[in-house]
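Here the structure is laid out as structure tokens; the discussion comes afterwards.
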Amino acid sequence: MRADRTTRDRRRTFAMTVTGPLDPDLLGPTLAHEHLYCDISAHSGRQDNVLTDVPRAVEELRYFLDAGGRTIIEATPEGIGRDPARLRDISRASGVHVVSGIAFYTESTYPPWFRSCPDDPTRADRLADYFVRHIQDGCDGVRAGVIGELASHNAPPAGDPRDYRLTDAETVLFQAAAKAQRTTGVGVITHASLGRGGHAQLRLLERSGADPARVCIGHCDAEWRQEPEQDMAYYTGILDRGAFCAFDMIGWTDLVPDDVRADRIACLVQRGYQEQIVLSTDTCRQSQLHANGGRGYDYLWRSFLPQLRQRGVTDEQIRAMLVAAPRRLLTGV
């Protein structure tokens, strides 16, 4: 049975959601990196980073549906509150398709056996098997549909991408993810935030056998440069290798003004990259919810897409970023 399932999954003629397989054509407009149920407070030091209220999540997703959204890729990894069963509850109650990721976050969240045996040559294989089990068999009856968010450490802002290096433990984690992707055919979503580690992440995944056309480098918009071409060089260094760039921190204006994000995306679209760009808001705080006066999961539609249209981005190009790109990331079609 395992061999038959693996063969079938490699073709990825479906998207695996928390409620089961879904026809890719039904995914619709998709936010590519969000958090519906998580607890990042131990790492951030903010109680604001606790999202564990299922009824509240369901209520918040009504705004998302009303705005035109249909699917959310829920990128919470192990160690910061990942709970596939709760995501299934949220999906069933809200009517939103939810794809659950499987990964590890900071090194402190790695399994104890992994951290305690740094010289164990089987670590990558054991981690890969762990990912494969979650993708093929699931947890609490819920199968993961993507590997992510697969994290490496932040570096000081405004760093040179050429100087970024993954740690030894992160290297093993990314090697395991590449192996699990080869076995299962799922996409990979990374956390490459401050310090711009995306080039190093993608290079390692490629060298480890991952398909770059199914890799999405996350948080490409977590920082910016005054000279636009410096930003463009970072993005195209990912896109020209066939991978996706995620502008998934839309609304985080303390890091990057949204008008800068809109300028950069519009420039990439003018160069024809729209089917390799995915969009999202990385909502992970109580203060970001409508119930607490925040922007909500519908912020993209209410505030950001109009900025793209003002810059000449067409509805067809927006649909490429919101529908075609995430569908291909999840399914290959």
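Couple of notes before you dig in:
- Simple spin-label estimate for residue 116 and residue 206 in nanometres, 7 Å along Cα-Cβ: 3.9 nm
- Extended-chain gain in nm, criterion 0.36 nm per residue less alpha-carbon gap, residue 108 and residue 232: 41.3 nm
- For residue 138, the residues whose amide H sits under 5 Å from its own are 144, ignoring neighbours fewer than 5 places away on the same chain, with H placed 1.01 Å from N.
- For segment 167-199, the residues whose amide N sits under 17 Å from a probe point set 7 Å from the Cα of residue 225 along the beta carbon direction are 193-199.
- For the pair residue 314 and residue 290, a Förster radius of 30 Å applied to the C-beta separation gives a FRET efficiency near 0.55, rounded to the nearest 0.05.
- Accessible surface calculations at 1.4 Å, restricted to protein heavy atoms, place the chain at 38 Å² per residue.
- The Cα center of segment 244-317 and the Cα center of segment 166-219 differ in position by 23 Å.
- Carbon/sulfur fraction of accessible area - the chain, other protein chains in place, 1.4 Å, %: 46 percent
- The value for segment 195-255 of Rg(Cα) / (2.2 N^0.38 Å) is 1.13.
- Here segment 1-130 is assigned +1 on the Cβ of each Lys and Arg and -1 on the Cβ of each Asp and Glu. Its dipole about the Cα centre then comes out at about 400 debye.
- 20 Å binning of all Cα-Cα separations within the chain, expressed as whole percents from 0 upward: 35, 61, 4
- For the pair residue 66 and residue 48, label points projected 7 Å from Cα toward Cβ lie 2.4 nm apart.
- A Cα-only calculation for segment 174-333 places Rg and Dmax at 15.4, 45 Å.
The values are calculated or read from the model by the stated rules, or taken from the named source; none is laboratory data. Fair warning: this is a prediction, and the values are worked out from it, not measured in the lab. Please note: Cβ atoms are built from the backbone with ideal geometry, for glycine as well, and neighbour counts cover all protein chains shown. The protein model used for the area step is the full one, side chains on, heavy atoms only, and it has no ligands, DNA or RNA in it. Shrake-Rupley method; radii C 1.70, N 1.55, O 1.52, S 1.80 Å.
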